[in-house]
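See structure below.
The values are calculated or read from the model by the stated rules, or taken from the named source; none is laboratory data. Just so it is clear, the structure is predicted and the values come from calculations on it, not from any experiment. Positions of Cβ are generated from backbone atoms using ideal geometry, with glycine treated the same way; all protein chains shown enter the neighbour counts. In case anyone asks, the SASA skips ligands and DNA or RNA and just uses the protein heavy atoms, side chains included. Shrake-Rupley method; radii C 1.70, N 1.55, O 1.52, S 1.80 Å.
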Amino acid sequence: MNSTNAMKRVGYGYVSHTEQAIIEKLSREEKQMQAIIYTRPGCQKCRHTAMKLKQVMPVSTITADADDYERFRKLGYRSMPVVKIYKADGTHDEWCDLQVDKIKQYTEG
């Protein structure tokens, strides 16, 4: 991994430097749920997921690079997008692929 994307241990697991910066910025700005979605170019499932979640919370999208793909493979994720929802209480939820039931959990809850 390159130094700009080095992993950092935080209360809810390991995150990349980029992801940590986004979390910190969003946490300062708003005390609500926020999403980070790792995408790949031309991914319809990625666009759909981001579009739905943007209706109810701030969303940051990151185009995944080789380091991200390797990290996701190690976590058992085999498809895109990889979605991480950070809740105001400090907990988080994550999944990969288009999971309509998970999206509805946040958009219809």
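Could you check segment 68-109 and list, in sequence order, the residues that are open to solvent by less than 50 Å² (accessible area, probe 1.4 Å), touching a residue at least 24 places away in the same chain (Cβ under 8 Å), assigned to a loop (DSSP other than H, G, I, E, B) and out of contact with any helix residue (DSSP H, G or I) (no Cβ under 9 Å at 6 or more places or on another chain)? The answer is GLY90, and nothing else. In segment 90-109, the qualifying residues are those that are of a type in the set (A, V, I, L, M, F, W, C) and touching a strand residue (DSSP E or B) at 6+ places or on another chain (Cβ under 9 Å), and the one that is farthest from ILE37 (Cα to Cα) is ILE103. Among the residues making up segment 42-53, those that are surrounded by 14 or more Cβ atoms within 10 Å (Cβ to Cβ) and not in a loop (DSSP other than H, G, I, E, B) are LYS45, CYS46, ARG47, HIS48, THR49, ALA50, LYS52, LEU53. Given the condition open to solvent by 90 Å² or more (accessible area, probe 1.4 Å) and modelled with pLDDT of 90 or more, answer yes or no: does some residue in segment 32-41 qualify? Checked segment 32-41: at least one residue is open to solvent by 90 Å² or more (accessible area, probe 1.4 Å) and modelled with pLDDT of 90 or more. The set of residues in segment 54-67 being open to solvent by 80 Å² or more (accessible area, probe 1.4 Å) and farther than 21 Å from THR107 by Cβ consists of THR63 alone.
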